[in-house]
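The values are calculated or read from the model by the stated rules, or taken from the named source; none is laboratory data. Because the structure is predicted, anything quoted here is derived from the model rather than measured. Every residue, glycine as well, gets a Cβ built from its backbone with ideal geometry; the counts of neighbours run over all protein chains shown.
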């Protein structure tokens, strides 16, 4: 039975319900954020699958100690989390185009292994990005590079990527990357779905924080006043 609460002379009800929960490591999800979730524990994968199957909300709560593999005590989780909805955007969009997509959820390490073996038709992967373009292009678009899951091989692109690594003049590098972009955006071995909107929260005592689009915090120059 729901518990009755009194608000002046007007009683109100407090309802409780059980929801799938994912414990997050060193990650905090705020309301209105759109982010990909990369989970590795079987319990987390099961929770995501349950939320998708039932069309329900899911609770995302950060764990206090990131190194903990198994969470058996609720006290190991922070008391405040975020309710989220798992959005199968791609599946909904392609249905409008007249065909179906089957989404397969796996542990993160398993998905990387399947990607290395080419056991997929489309593979969704999150990438924070790097401040230097080389970190966003070479490993993905160079033939047989570690993250070339699409199997993209084009000698012209390989040559340009190698030239970009030997050029030292920023203007020259920019011209090379513009040539690479013109080719890759036409071939589309990778389709970029969205870019994260980073939220930064810190005490007013902190100075020297540089917000860089890759979302990684540089500790150089940080100071607590």
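Could you list all residues from the stretch 23-47 that are within 15 Å of residue 106 (Cα to Cα) and at pLDDT 80 or above?
41, 42, 43, 44, 45, 46, 47
Would you check if there is a residue in the stretch 56-67 being over 23 Å from residue 199 (Cβ atoms), touching a residue at least 40 places away in the same chain (Cβ under 8 Å) and not assigned by TED's automatic domain parsing to the domain that holds residue 201?
no
Any chance you could count how many residues in the stretch 35-75 are surrounded by 11 or more Cβ atoms within 10 Å (Cβ to Cβ) and part of a loop (DSSP other than H, G, I, E, B)?
Total satisfying the criteria: 12.
To keep it simple, each residue is scored yes or no on (1) farther than 22 Å from residue 33 by Cα; (2) modelled with pLDDT of 80 or more; (3) surrounded by 13 or more Cβ atoms within 10 Å (Cβ to Cβ).
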residue	(1), (2), (3)
77	no, yes, yes
83	no, yes, no
91	no, no, yes
142	yes, yes, yes
152	yes, yes, yes
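Here are the criteria: (1) modelled with pLDDT of 85 or more; (2) loosely packed, with under 12 Cβ neighbours inside 10 Å; (3) not in a loop (DSSP other than H, G, I, E, B). Tell me which single one residue 12 does not satisfy.
Going through (1) modelled with pLDDT of 85 or more; (2) loosely packed, with under 12 Cβ neighbours inside 10 Å; (3) not in a loop (DSSP other than H, G, I, E, B) one by one, residue 12 breaks only (1).
Only one of these is surrounded by 10 or more Cβ atoms within 10 Å (Cβ to Cβ), without any contact (Cβ under 8 Å) to a residue 60 or more places away in the chain and either within 29 Å of residue 20 (Cα to Cα) or not assigned by TED's automatic domain parsing to the domain that holds residue 42 (or both): 170, 133. Name it.
It is 133.
Counting just the residues of the stretch 182-192 that are in a loop (DSSP other than H, G, I, E, B) and surrounded by 10 or more Cβ atoms within 10 Å (Cβ to Cβ), which one comes out nearest to the chain's Cα centre (by Cα)?
190
Quick check: anything in the stretch 153-176 touching a helix residue (DSSP H, G or I) at 6+ places or on another chain (Cβ under 8 Å) and under 19 Å from residue 193 (Cβ atoms)?
The answer is no, given that none of the residues of the stretch 153-176 is touching a helix residue (DSSP H, G or I) at 6+ places or on another chain (Cβ under 8 Å) and under 19 Å from residue 193 (Cβ atoms).
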